[in-house]
Amino acid sequence: MDPSQTNCPKCHAIISSGSNYCSNCGVPVSDKALHISIGRQLWIYFVSICLPPLGLGYTFKYIVSPSSQNKRVAIIAAILTIVSIVLTIWATMGLINSLQTQLNSQLNSYPGMGL
């Protein structure tokens, strides 16, 4: 066996040393947690605020990580996503009510037109 290869702890298939998962059974073979840089964190927070549903994807991706930093980023992304969704719904309802009020006032200014 080549020194750059190891065996999977579950199925004992031969895997290369740089692999994070076994190609045969999919078991994680390294304990290496994903590192999130400051730039990546800012991108995740930007997506969570500006494209709210997509922020949940990052939440699910990083919440299962063993790293406490990754879990913190996931929780912050979830909170920003939820706040952004609530604010979007609130602003949309305000816009709809405003448009409905304007439409009703315009329709009421034309009495006797059969409306």
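The values are calculated or read from the model by the stated rules, or taken from the named source; none is laboratory data. Being a predicted model, the structure only gives us computed values, none of them experimental. Don't worry about glycine lacking a Cβ; one is built from the backbone with ideal geometry, like all the others, and counts go over all protein chains shown.
Any residue at all in the stretch 39-57 that's assigned to a helix (DSSP H, G or I) and more than 17 Å from the chain's Cα centre (by Cα)?
no
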- Task: Just one of (1) in contact with a Ser or Thr (Cβ under 9 Å, 6 or more places away or on another chain); (2) more than 30 Å from Lys10 (Cβ to Cβ) trips up Val29, so point out which.
- Result: (2)
- Message: Which residue is surrounded by the fewest Cβ atoms within 10 Å (Cβ to Cβ), if the candidates are limited to the stretch 40-96 and must be without any contact (Cβ under 8 Å) to a residue 24 or more places away in the chain, among the polar types (S, T, N, Q) and within 25 Å of Pro28 (Cα to Cα)?
- Response: Ser68
- Going by the structure shown, is Thr59 within 30 Å of Asn20 (Cβ to Cβ) and in contact with a Pro (Cβ under 6 Å, 6 or more places away or on another chain)? no
- Task: Only one of these is of a type in the set (Phe, Trp, Tyr), assigned to a helix (DSSP H, G or I) and assigned by TED's automatic domain parsing to the domain that holds Gly39: Tyr62, Tyr110. Name it.
- Result: Tyr62
- Test Ile85 against the stated conditions and say whether it is within 19 Å of Ile38 (Cβ to Cβ) and among the β-branched types (Val, Ile, Thr). no
